[in-house]
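Comments concern the structure below.
The values are calculated or read from the model by the stated rules, or taken from the named source; none is laboratory data. What you see is a predicted model; the values in this text were computed from it and never measured. Neighbour counts are summed over all protein chains in view; Cβ atoms, including those assigned to glycine, are modelled from backbone coordinates with ideal geometry.
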């Protein structure tokens, strides 16, 4: 039996390999990739997994360079396989622990995107699957370093966007408040008038710390289909 499946992104425009029984990508990479634009020439995918964000951006932004950092060797192997299958040579995947600061990337990127692990170790029962563990579970200490490095990698005029669990918002804001940032918080709702499950957070360097809340993103219409906004992001 194969250890991976051959799937597709952007309505079959991109071939995408991911684990058969490990972590399977959800909608988070689609939302994050949709936040990039042609002004973003140097883009970092921090904790790139099997590479969906990097692959989408390499396809959409052929004149940009996208770097994905990932420490799971199986995920990295599949990322390289997808890159070669799609001939996306403006994408680069590197084996690197994102919780360690890489000095050469400090103030380097126009855009940093990240979908860090949602769950803290010792608070939930971990999976026995390494692929799932790497993608979903992290210690609070490593999570702090992840977010701090993400901020340090932004250029002075750059920005960063993160998707994480809404319940982790105070943990994240406590870290962000150590920096001079404009922080914009966008709740992500499965349906209109429901409680947010996840949150999209935008960061920009600023003269002082400022926090704002923006209108929510609604994933599904009342019919359970994707909302018009989200549907467009899949194309």
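Key figures for this structure:
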quantity	calculated
Any chance residue 64 is surrounded by fewer than 24 Cβ atoms within 10 Å (Cβ to Cβ), in contact with a strand residue (DSSP E or B) (Cβ under 9 Å, 6 or more places away or on another chain) and closer than 17 Å to residue 10 by Cβ	yes
Number of the condition not met by residue 77 [criteria: (1) more than 18 Å from residue 50 (Cα to Cα); (2) over 18 Å from the mean Cα position of the chain (by Cα)]	(1)
Unique residue being surrounded by 17 or more Cβ atoms within 10 Å (Cβ to Cβ), under 29 Å from residue 61 (Cα atoms) and free of Cβ contacts under 8 Å to residues at least 40 places away in the same chain when the list is 150, 203, 161, 189	189
Single match in 57, 78, 44 (criterion: assigned to a strand (DSSP E or B), crowded, with 18+ Cβ neighbours inside 10 Å and at pLDDT 95 or above)	44
Tabulated pairs, the range 3-19, first on the phi > 0 side of the Ramachandran plot, second modelled with pLDDT under 95 and in a loop (DSSP other than H, G, I, E, B), C-beta under 7 angstrom, 6+ apart or interchain	10/234; 10/235; 11/234; 11/235
Residue match in the range 24-38 (condition: more than 22 Å from residue 219 (Cα to Cα) and either surrounded by 22 or more Cβ atoms within 10 Å (Cβ to Cβ) or touching a residue at least 24 places away in the same chain (Cβ under 8 Å) (or both))	yes
Hits in the range 206-235 (condition: surrounded by 14 or more Cβ atoms within 10 Å (Cβ to Cβ) and either on the phi > 0 side of the Ramachandran plot or without any contact (Cβ under 8 Å) to a residue 60 or more places away in the chain (or both))	209, 216, 218, 220, 221, 226, 227
Flag for residue 178 being touching a helix residue (DSSP H, G or I) at 6+ places or on another chain (Cβ under 6 Å) and either modelled with pLDDT of 95 or more or part of a loop (DSSP other than H, G, I, E, B) (or both)	no
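For (1) in a loop (DSSP other than H, G, I, E, B); (2) closer than 24 Å to residue 120 by Cβ; (3) under 17 Å from the mean Cα position of the chain (by Cα), each residue gets a yes or a no:
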site	(1), (2), (3)
162	no, yes, yes
167	no, yes, no
212	no, no, no
229	no, no, no
